[in-house]
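First up is the structure itself, then whatever we jot down about it.
The values are calculated or read from the model by the stated rules, or taken from the named source; none is laboratory data. Everything numeric in this text was worked out from a predicted model, so none of it was measured. A quick note on method: Cβ atoms are made from the backbone with ideal geometry, for glycine too, and the neighbour counts reach across all protein chains shown. Note: accessible area is taken over every heavy atom of the protein model, side chains too, but ligands, DNA and RNA are not part of it. Shrake-Rupley method; radii C 1.70, N 1.55, O 1.52, S 1.80 Å.
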Number of protein chains: 2
Amino acid sequence: MSEELPTGPTESPPAPRAAPREVWKKGGRLLSVLLALNVLLLACTLISGGAFNKVAVYDTDVFALLTTMMLLAVLWILFYLLRTVRCPDTDAVPYRDGHAGPIWLRGGLVLFGICTLIMDVFKIGYYSSSFECQSAIKILYPLTQAVFVIVQTYFLCISAKDCVHTHLDLTRCGLMFTLTTNLAIWMAAVADESVHQAHSLSSSHGNTSLQLHAPLSTVQRAGSPVGEDCSCDTAVCQIFQQGYYYLCPFNIEYSLFASTTLYVMWKNVGRLLASSTRGHSHTPSLLSHFRETFFAGPILGLMLFVVGLAVFIIYEVQASGERGRTQQALVIYYIFNIVCLGLMTLVSLSGSVIYRFDRRAMDHHKNPTRSLDMALLVGAALGQYAISYYSIVAAVAGTPRELLAGLSLAHALLVIAQHTFQNVFIIESLHRTPPGAEPHGTPPKEPCHGLTFASLDTLHTLPACPPTPRLVGPSPAGPQGAVSITLAPRGHWRCRCLKDISLFLLLCNIILWIMPAFGARPHFSNAVEVDFYGYSLWAAIVNICLPFGVFYRMHAVSSLLEVYMLS
Amino acid sequence: MSEELPTGPTESPPAPRAAPREVWKKGGRLLSVLLALNVLLLACTLISGGAFNKVAVYDTDVFALLTTMMLLAVLWILFYLLRTVRCPDTDAVPYRDGHAGPIWLRGGLVLFGICTLIMDVFKIGYYSSSFECQSAIKILYPLTQAVFVIVQTYFLCISAKDCVHTHLDLTRCGLMFTLTTNLAIWMAAVADESVHQAHSLSSSHGNTSLQLHAPLSTVQRAGSPVGEDCSCDTAVCQIFQQGYYYLCPFNIEYSLFASTTLYVMWKNVGRLLASSTRGHSHTPSLLSHFRETFFAGPILGLMLFVVGLAVFIIYEVQASGERGRTQQALVIYYIFNIVCLGLMTLVSLSGSVIYRFDRRAMDHHKNPTRSLDMALLVGAALGQYAISYYSIVAAVAGTPRELLAGLSLAHALLVIAQHTFQNVFIIESLHRTPPGAEPHGTPPKEPCHGLTFASLDTLHTLPACPPTPRLVGPSPAGPQGAVSITLAPRGHWRCRCLKDISLFLLLCNIILWIMPAFGARPHFSNAVEVDFYGYSLWAAIVNICLPFGVFYRMHAVSSLLEVYMLS
């Protein structure tokens, strides 16, 4: 996966000179986690307090907190960069984790970072056009964010693979604080989005007894025309405002991508790598990969993508119209989603079936990046699971049996099935050794193979190399062992199939990300759940759970890209 | 910690005959986690839907689901018991984890289980007294719960240490399903408590615009006098009802204790233990431990406990009275809590300072029980953290500066400090090797010491014993290494101090558990936060976060008992 070969010592076990005097790794981790939790909870309190109109927490409080956090994070990043540049490479960063910060993650960071910068320009323009009646912090905030995004993106692009070995506690705290800053920005952006969505929906829905989205709420006051004493009348101001809202999803994803990268860096602080990262020594280009597919997956995926875009535009245009057209738009939206989710479920399932015949060995090595990917896929799916279970209960227990209730029920069931089977497929794929990584059928050459990751004490307890190399393969008994490490060569029909499957799922996940990220909210247009739970309860459920669902789609895309490269 | 010595092979590395053909452990875990998440979300949906009065989910739906889950769990447990009894011990359960299910956890399970059984008797009595107007499921539910508690307690007492090695996937799914059942029962009980509390508070508070606790909500209908068409007029019925509510906290703790034990069993499925559990070979009795304290800790703790009980009773009597007396009761309550939390913070801090001088080695071995304890302590503290941060924001940003706002602010700040320092102290204590576990200053005797836990592939990659034994101690370099493994002998003043500290904290945590568990809710009597956030938002925050805070206290008690035994 890594383009750069690790620069540190790759073969020898770590020499005592580089070994830090870290008595107890968990202690340092505990301190940084406690710091992060406290800062995050303070930010969470202010942001959620600010999102409720009855509470006397103002948007300027939230902006002031976030600006301070970003400035502190920038200072720490600059300190880190200075330190690692000044020290010789092997002292501060003796090892680099080849799995961390793959090229597409860094590419995504740069892409989303650029979109965030454009958003900041729009924000500055919007606030400047009504400078006389706004607080200074509202212009300071996007300015600071721009600096923060530039510095952080540069930092993550060059340092994502670092396994830092100096100032361990300080580095852990700094990384956790930067991570917390990103999560706080994410929370603020999600609250902003929810308030904006709810406001535009309530104006069309005609419901006035709402608590979550009154016009005076925090970020709404900052970004919407109905400010306290400002109005956005000019055409330029309107453009700035619209552009700002359409670029918001990219800012949200940027914060989450940065958070995952920072988390992996935090896990890698003080880590010792005994051998170079195995496997992915030669990474063929995306194009040469593409020639190995059957083209069926990408073509079908592209068709669904284009149809999905059309459905999304129809939905967005019609859902704001009168009731009959909304109904029609909803039916189209649900039918497209049901077809798409059904196909994705079948395809994921067939991918898992292919793995039952594919006897490639499982990769048992410790890999913080992969463990995080697993946890995030399963954890983020909870958001959509929760919404689906609430929909199911509403559709089953609700009294009026009509078309939309049936469609909503089918949609919810398929969402659960699709998330489950896709997660199983992706996680199994990430744990397979890539074809061609091991020579066919021969036992592994390096005796130390099983020791990519080793904690300090284990390394010093164990000898450098065991005298009798054994099979690394999963089945310890002789006869089965021989079977399980026979590998399909690259270009085998199974590999091709898996590439097709991952590309198809990738394209489908992108279109399913676009729809909610850019404002489709069938949850509220559809009366089934709103009538059953009441508007405020249902709005709370959707506003809390949907951001995780949106993140799931984006994260699945990056994981599927990795599956596609590995197959 | 274990009274029983492991029965499996203790010295030899696992022989191939016992090694299961488990190709990929994470796959089996993933399946069981997905099953658990889906069942839990379904239960969560029904329970939370039932707690809202506007939603057409009835308590009978919730009871039916829970009864079905408990019956299925009982069937699985019986199947498991039959299987492990029929098979020879070494085949199904070749190893036993000495750290899992310590005696006080099993004792607590039995104690809380008995209280739950008494609660079920009260429940059955209560529902029987109004049998003609209740649904049959409401009597079936406590009956099933009684059977479930008896079977599960027996199962956990005899099987908590098992490392199962047959039917791995089935066992994982069964354990996860039983765990989910316990969590669902916990959620239902917490919702019941919250609804009951909120109902009794709103009747005294006179607030009518509440959503969370209308008289028609789920469990309220089941347990309160204002049922749909039943009334609880007779004295016997009233006694049953009161007794049922006072025993509810024990049922809540029982479910959580059972869940933690089941989680450790789940982590231990398929685990290979190479050597016997080290260290805790001789466990002196509680009494002989007690003689090693300075008596200052337990005496001061007992005094605080008694004063706390008195304060709690005064608060409970006066808080339901008129406004002036409520104010007085609140001031007394807050002052006691501030003094108690302040002392606890200082004592925890001094414990951590003692560890800075105590150069006992850290125990780096893998231990799922301890990892879970750490995660639960940090995770459950989040509940009180969140309430405290909301209180701080309300006290700082709220306009009226009066005595209660100041007390509330000081209380919230001390809660954060106390949780943080207590967690640091407990977690550091749990990671120290007990005094006397290693001979003073000599290098460890067993060369395989560092290999208590080993995954399948590592075991087969590594030789049985490294030819050159090295230091297990944390500092790999020679001179520091010699310093770090000098141990204080048992009975040293530092050990005595640590025992005093842990006993003092233990008693304080018990009184701080009793207060919220048995109904003290200063959060609502105090007007600071209610006025700032509005009743419904503040009720939602407290009702979601407080159960975690209550669980934190109980869990801290069990961890401190372990610290006391280990010091």
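Per-residue accessible area (protein heavy atoms, 1.4 Å probe) orders B:R96, A:R83, B:R496 as B:R496, B:R96, A:R83, starting from the largest.
A:R359 label point (Cα plus 7 Å toward Cβ) to equivalent points in the other copies: 5.6 nm, shortest first.
Averaging the sequence gap over all C-alpha pairs within less than 8 Å and six or more residues apart, then dividing by the number of residues, gives region B:112-162 a relative contact order of 45 percent.
Suppose R0 equals 30 Å; then what is the FRET efficiency for B:V317 and B:V396 from their Cβ-Cβ distance, rounded to the nearest 0.05? The formula returns an efficiency of 0.40 here.
Fully extending the segment from B:D169 to B:V339, taken as 0.36 nm per residue of separation minus the present Cα-Cα distance, adds 56.1 nm.
Positive contributions from Lys and Arg (+1) and negative ones from Asp and Glu (-1), summed over other residues with Cβ under 9 Å from the Cβ of A:C163, come out at +1.
The candidates A:R356, A:R494, arranged from most to least accessible area with a 1.4 Å probe in the full protein assembly, appear as A:R356, A:R494.
For B:A394, the shell of other residues with beta-carbons less than 11 Å away shows a net charge of -2, using +1 for Lys and Arg and -1 for Asp and Glu.
Projecting 7 Å from Cα along the Cα-to-Cβ direction, the label point of A:A235 sits 8.6 nm from its equivalents in the other copies, listed shortest first. Chain A contacts chain B over a buried accessible area of about 6000 Å², both sides summed; the probe is 1.4 Å and only protein chains count.
Taking Lys and Arg as +1 and Asp and Glu as -1, the other residues whose beta-carbon sits under 14 Å from that of A:I514 total 0.
For B:L82, inter-copy separations between label points set 7 Å beyond Cα along the Cβ vector come to 7.2 nm, shortest first.
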